[in-house]
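J.: Sharing a structure below in structure tokens format, with a few things to ask.
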2 protein chains.
Amino acid sequence: MLSWVDGQPAELLSVKDRGLAYGDGLFETIAVSAGQPTLLERHLARLAQGCVQLKIPVELPVVRAQVLAFSQQLGEGVVKLILTRGEGLRGYAVTQPAKPRLILQASAKPAYPAAYAEQGVRLFPCVTRLAEQPLLAGLKHLNRLEQVLARSEWHDADHAEGVMLDTSGRVIEGVYSNLFMVRAGVLITADLARCGVAGVMRGELLAQAAALGIACQVRDISQAELLAADEVMLCNSVYGVWPARALLAHNWPVGPLTRKLQAIARNLLDC
Amino acid sequence: MLSWVDGQPAELLSVKDRGLAYGDGLFETIAVSAGQPTLLERHLARLAQGCVQLKIPVELPVVRAQVLAFSQQLGEGVVKLILTRGEGLRGYAVTQPAKPRLILQASAKPAYPAAYAEQGVRLFPCVTRLAEQPLLAGLKHLNRLEQVLARSEWHDADHAEGVMLDTSGRVIEGVYSNLFMVRAGVLITADLARCGVAGVMRGELLAQAAALGIACQVRDISQAELLAADEVMLCNSVYGVWPARALLAHNWPVGPLTRKLQAIARNLLDC
């Protein structure tokens with residue numbers, strides 16, 4: 001599969017890279033259709049925000065140009081973008097000036113069962129909790145052991161996603177998705193000020209829902225509220241929107257707002 | 001500098017490695033003197049514990065043999081060992097069977113000023129807090145953005161280390177060291193059940209102190225207790241023990257227990 005390191009075809013990188021040593025970097029997962037990266041400006045904006053927070057110098061025009069050229073070559077699929085702080089000496093201190101490294105990797109679009117989008121998915125109740133770290137909250141950084149542990153909790157095909165709580169018990173997100181719930185016509189998603197990944201599709205759906213006059217709330221969500229919701233859905237940049245239909249013994253119907261946001265995501269992803 | 005990947009001289013690694021993608025792996029930093037790795041069995045035991053927790057299959061005899069052979073070639077210096085879960089497809093789910101990857105990198109022993117060990121070091125009060133994640137606490141895993149952020153808080157040579165608190169305000173450790181304090185003859189170090197790295201030198205010093213009949217406590221430490229301590233010291237596997245002499249306007253004397261543990265560490269590290 002197509003793979004570039006700093007704009008050149010390559011499948012290897014230095015073992016001295018701080019991305020490996022410390023997870024010192026960020027990533028984006030971008031759907032590509034007909035040679036075009038979907039929601040590219042939102043992906044770049046989140047990357048830029050992460051670079052500010054981690055103090056990684058980044059030249060966005062260079063990143064944009066590489067992603068566009070890479071996507072053109074790929075045609076259809078998914079681009080995983082990794083931006084690391086680059087190589088380092090031993091030790092946490094950053095070598096100045098840092099020379100960040102941009103890695104682009106292609107993969108095919110995952111072949112999820114059609115039922116996930118149509119009838120919805122069953123959520124696995126993950127025991128792994130998200131630690132509360134405001135300095136890293138929202139960022140799509142490379143420190144993802146919590147997600148690795150959470151995803152290792154189930155192996156059956158019955159569960160397409162898991163739901164993750166923070167260490168205080170608030171409902172935050174899926175393992176590789178953001179979560180929305182609907183209550184009395186209001187679209188609600190978790191506040192990600194303490195933990196979680198501020199997904200690009202989440203951001204786009206919030207913006208489009210607001211533009212359609214749908215009331216939106218970004219706030220803490222309790223487990224009881226989640227169970228009492230009228231509708232629950234998941235979203236990410238690759239599959240768009242999946243209705244959530246069940247968690248343990250509890251079932252949710254697939255409702256009209258879920259279908260509306262699903263249509264918006266389909267339109268964006270051209271799938 | 002000497003560098004091996006899976007037992008072969010190599011300085012490059014696949015961009016598909018999960019160590020890069022998610023920080024999905026562990027590391028050890030081992031001092032080498034006269035071709036011998038210091039405290040090797042403690043390093044291997046911690047690595048094994050991390051592998052159990054992260055469900056990474058590891059063949060310890062293979063790791064031991066490689067570290068011994070690598071250290072023999074190195075002679076004098078520091079070995080950084082990285083064990084990752086190996087290559088993966090896109091997504092957090094682990095490809096079965098996982099084929100872990102062992103990376104060994106050599107570097108020279110750092111040339112710290114002699115004053116750090118003799119007169120002691122000034123601690124920087126890090127604003128970056130350690131998030132509380134019991135599932136990862138104690139492990140030397142590759143998710144180290146908190147340490148990267150903490151170490152980026154100071155640039156002056158006046159501060160040799162920083163002190164890190166958890167999000168609840170407890171005193172946990174240095175950025176790249178563990179911390180001990182002495183109060184009324186009792187040696188005290190932080191409980192690492194919620195966060196922090198259970199250092200190999202910390203474990204060895206606790207064992208040797210107990211064997212010498214020194215009362216030891218592993219428990220929560222408040223900021224007030226730290227300031228009120230009779231002695232404060234830092235330790236790691238590379239430099240041994242440094243007295244901590246100051247934090248902001250507060251000064252600690254360099255006391256007898258610090259000197260005793262420093263001598264033990266020097267003996268181990270042969271430095």
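J.: Scan segment B:34-50 and give yes if some residue there is modelled with pLDDT of 95 or more, facing another protein chain (nearest Cβ under 9 Å) and out of contact with any Cys (no Cβ under 8 Å at 6 or more places or on another chain), otherwise no.
T.: Scanning segment B:34-50, I find no residue that is modelled with pLDDT of 95 or more, facing another protein chain (nearest Cβ under 9 Å) and out of contact with any Cys (no Cβ under 8 Å at 6 or more places or on another chain), so the answer is no.
J.: Which of the residues that make up segment A:83-95 are more than 9 Å from chain B (Cβ to nearest Cβ) and outside any strand (DSSP E or B)?
T.: Within segment A:83-95, A:GLY86, A:GLY88, A:THR95 meet the criteria.
J.: Test B:ALA157 against the criterion of being without any contact (Cβ under 8 Å) to a residue 24 or more places away in the chain, open to solvent by 40 Å² or more (accessible area, probe 1.4 Å) and either within 13 Å of another protein chain (Cβ to nearest Cβ) or farther than 22 Å from B:ASP24 by Cβ (or both), and give yes or no.
T.: Yes; evaluated as a whole, the condition is true for this residue.
J.: Would you mind finding the one in A:GLU28, A:GLU41 that is part of a strand (DSSP E or B) and not hydrophobic (A, V, I, L, M, F, W, C)?
T.: A:GLU28
J.: Check whether at least one residue in segment A:87-99 is closer than 28 Å to A:GLY203 by Cα and among the hydrophobic types (A, V, I, L, M, F, W, C), and report yes or no.
T.: No, the conditions are met nowhere in segment A:87-99.
J.: I would also like to ask the following. Filter segment B:192-220 down to residues that are hydrophobic (A, V, I, L, M, F, W, C) and touching a residue at least 60 places away in the same chain (Cβ under 8 Å) and give me whichever is most open to solvent (accessible area, probe 1.4 Å).
T.: B:ALA198
J.: Given the residues A:LEU135, A:LEU149, which is the only one that is surrounded by 14 or more Cβ atoms within 10 Å (Cβ to Cβ), at the interface with chain B (Cβ under 7 Å from one of its Cβ atoms), within 21 Å of the chain's Cα centre (by Cα) and in a loop (DSSP other than H, G, I, E, B)?
T.: A:LEU135
J.: Can you tell me which of A:THR189, A:THR167 is surrounded by fewer than 22 Cβ atoms within 10 Å (Cβ to Cβ), closer than 23 Å to A:LEU136 by Cβ and assigned by TED's automatic domain parsing to the domain that holds A:ILE221?
T.: A:THR167
J.: Starting from segment B:60-78, keep only residues that are of a type in the set (Val, Ile, Thr), then list their pairs with residues that are open to solvent by 40 Å² or more (accessible area, probe 1.4 Å) whose Cβ atoms are within a distance under 7 Å, requiring at least 6 positions of separation or different chains.
T.: Listed pairs, sorted by first residue: B:VAL78/A:ARG90; B:VAL78/B:LYS109.
J.: Can you tell me which condition B:SER177 does not meet? The list is (1) free of Cβ contacts under 8 Å to residues at least 12 places away in the same chain; (2) more than 10 Å from chain A (Cβ to nearest Cβ); (3) of a type in the set (Ser, Thr, Tyr), and all the others hold.
T.: Going through (1) free of Cβ contacts under 8 Å to residues at least 12 places away in the same chain; (2) more than 10 Å from chain A (Cβ to nearest Cβ); (3) of a type in the set (Ser, Thr, Tyr) one by one, B:SER177 breaks only (1).
J.: Something else about it: So A:MET233 ticks every box in (1) open to solvent by 20 Å² or more (accessible area, probe 1.4 Å); (2) under 17 Å from the mean Cα position of the chain (by Cα) but one. Which box is left unticked?
T.: (1)
J.: Can you tell me which residues in segment A:2-15 are part of a loop (DSSP other than H, G, I, E, B), over 22 Å from the mean Cα position of the chain (by Cα) and either more than 7 Å from chain B (Cβ to nearest Cβ) or among the β-branched types (Val, Ile, Thr) (or both)?
T.: Once the filter is applied, which keeps residues that are part of a loop (DSSP other than H, G, I, E, B), over 22 Å from the mean Cα position of the chain (by Cα) and either more than 7 Å from chain B (Cβ to nearest Cβ) or among the β-branched types (Val, Ile, Thr) (or both), segment A:2-15 yields A:ASP6, A:GLY7, A:ALA10, A:VAL15.
The values are calculated or read from the model by the stated rules, or taken from the named source; none is laboratory data. Model, not experiment: these values are computed from the prediction. Positions of Cβ are backbone-derived with ideal geometry, glycine not excepted, and every protein chain shown enters the neighbour counts. Heavy atoms of the whole protein, side chains included, go into the accessibility calculation; ligands, DNA and RNA do not. Shrake-Rupley method; radii C 1.70, N 1.55, O 1.52, S 1.80 Å.
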